[in-house]
1. Which order do the peptides 195-201, 240-246, 294-300 take when ranked by the mean count of other beta-carbon atoms within 10 Å per residue, highest first?
2. Over 21 Å between Cα atoms: which of Lys29/Lys348; Lys142/Lys333; Lys324/Lys356 fall into that group?
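Read-outs: derived from the displayed coordinates by stated rules, not from any lab. Values in this document were obtained by computation on a predicted structure and should not be read as measured data. A quick note on method: Cβ atoms are made from the backbone with ideal geometry, for glycine too, and the neighbour counts reach across all protein chains shown.
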Amino acid sequence: MIDLFMPFRAFLKFENVCTDNNVFQMHYKVTVIMLLVFTLLVTSKQFFGEPIHCMNDNEKDTDRDAVNSYCWIYGTYSLKSRFVGVEGKDMAYPGVGPNTGDNDEQIKHTYYQWVCFVLLGQSVMFYTPRYLWKFWEGGRLKALAADLSSPVTKDCTEFRRGELVSYLSYQRDTNLHTHNMYALRYAFCEILNLLNVVGQIFLLDIFLGGAFRNYGAAVAAFSHTPRLPADMTDFVAANPMDQFFPKLTKCWLRSYGPSGTLQMKDRLCVLPLNIVNEKIFVILWFWLIILAFVSTLSVLFRVLVLSLRPLRALMIAGQLRNVKKSTICRIVKRFSYGDWFILYLLGKNLNPIIYKDLIIELSKECEHKTVMI
């Protein structure tokens, strides 16, 4: 079983250079791994066997496999009127019972054929913003932070630090447009993450026929509602898991008898895979809601950082120790947002001692330029 999850190690590997933040990683690491694991679970017969088992009246019926295939391909159904009531009294099982008439609404179940494809498609969509950012970033930060993550030799460190100071100060005017585009592309990917997670919530709701939007909340409410014994009540609320992911359903099969007469066969079908599906979509509901909330805060915070220079100075100060605030403010005042963004990312990847020296030297260069002007 462990061998099946080995391909996911690539998503968990430690990267030498960090070019994003924790919220971004929640999208392309945590969510993608979660969706790929779910895809593996719903497609693995090793754990859950066949996805459908339909019962036959005759134990010697040789068409059992054909019936299973037919009901899996064309779908099964539940009766809406049989989800409310006492099990064993008003219905055989939730959603399963005799048809009360032509107005008894049937709930069709064909989504389970597409669950694995939907989950796989979601994983691709959650990784797309990461792919775009990785393509646009182009290894620039890795080149700038090379040999500075930990001090090797004093001469090498001073030389590389001097190159960075030159790049960020003397060439600041020529790199202004490039750095701003670099930072704005990252902000665009953050917005894309937010739009994607919100869009995924609506897409899953459409996929499940409007059942996803309130699914997690309904399951939580049902789980915390006290249940009375069947002999003490005539009304039992439907379990949302049984209603949207039924384990027992019905299937009509049309065939011809020995004399050529059309026969209608009503089969009771067991869907063992829905035991997994109901848990998967509960987890996805809560995770996507949390991720959408966190992503919204992240985008709002990015807007504030883009608008407020004091907040940028505060973020740089959070990466340093024993550095005067005036030293940092001098740099932030002269740097554009793109230059600041490069500097902030460098602070996440450079050795703290080297980064502190870099900030001090940059501050001196900014002060020197101000005096000359």
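1. Result, highest mean first: 240-246, 195-201, 294-300.
2. Lys142/Lys333, as the Cα separations exceed 21 Å there.
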